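Student: Following this message is one structure expressed as structure tokens.
FYI, it's all coordinate maths here, none of it is from the lab. Please read all numbers here as calculations on a predicted model, not as lab measurements. Cβ placement follows ideal geometry from the backbone for every residue including glycine, while neighbour counts extend to all protein chains displayed.
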Amino acid sequence: MSDSDFPNVKKGDQDQEGTNVRKVQYLLREHGATVAVDGIFGPKTDDAVRKFQQANHLVVDGIVGTKTWTKLILQIQKGAKGDAVRAVQSQFPFLNVDGDFGDLTSNAVRGFQTHSGLDDDGIVGPKTWRALTLSPKLADI
């Protein structure tokens with residue numbers, strides 16, 4: 001796996017600790033899909049992924065791999081609101097998943113970035129998203 005690879009998420013996958021399936025579902029919602037955030041990659045999530053892939057001129061295979069992740073993720077930082085923020089917050093068991101990127105979320109992201117050897121700028125860009133997708137649900141950092 002190269003530095004730019006994201007893990008594959010596909011139909012039949014389920015979150016054990018609220019990790020990648022929920023992140024995909026939150027990000028799909030951020031892009032306008034109507035999908036439940038339940039941690040189960042079932043038929044409705046598969047359909048939403050395929051529609052997203054088609055709309056973004058990607059291979060329509062229902063697999064959220066590196067190219068689909070790259071189109072799904074959004075750069076977010078303090079002050080951002082919405083489902084992309086919820087996707088990040090869902091990684092930290094001590095955060096309220098409220099969709100508001102405030103001080104607590106910023107501090108959690110900075111701690112995660114430091115722990116992961118990334119620049120601790122508090123901005124969730126491609127490198128931080130990738131690290132979040134490769135990490136199990138996080139404990140207090």
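Student: Within region 20-134, what is the number of lysine pairs with alpha carbons under 16 Å apart, leaving out pairs fewer than eight places apart on the same chain?
Tutor: 9
Student: Rounded to whole Hz and in sequence order, give me ³J(HN,Hα) for region 33-39 from the Karplus expression 6.51 cos²θ - 1.76 cosθ + 1.60, θ = phi - 60°, writing x for Gly and Pro.
Tutor: Computed from phi, the couplings for region 33-39 are 6, 9, 9, 6, 9, 10, x Hz.
Student: [x] 99; [y] 123; [z] 109: which one is volume of the Cα convex hull per residue in Å³ as calculated from this entry?
Tutor: Here the calculated entry is [x].
Student: Could you state the angle between the C-alpha long axis of helix 20-30 and the longest principal axis of the C-alpha atoms of the chain, as a value from 0 to 90 degrees rounded to the nearest 10?
Tutor: That helix lies at roughly 80 degrees to the long axis.
Student: Treating the beta-carbon of each Lys and Arg as +1 and of each Asp and Glu as -1, no other charges, what is the dipole magnitude of region 20-134 about its Cα centre, to the nearest 20 debye?
Tutor: Values: 14 positive and 12 negative charges, 53 e Å.
Dipole size: approximately 260 debye.
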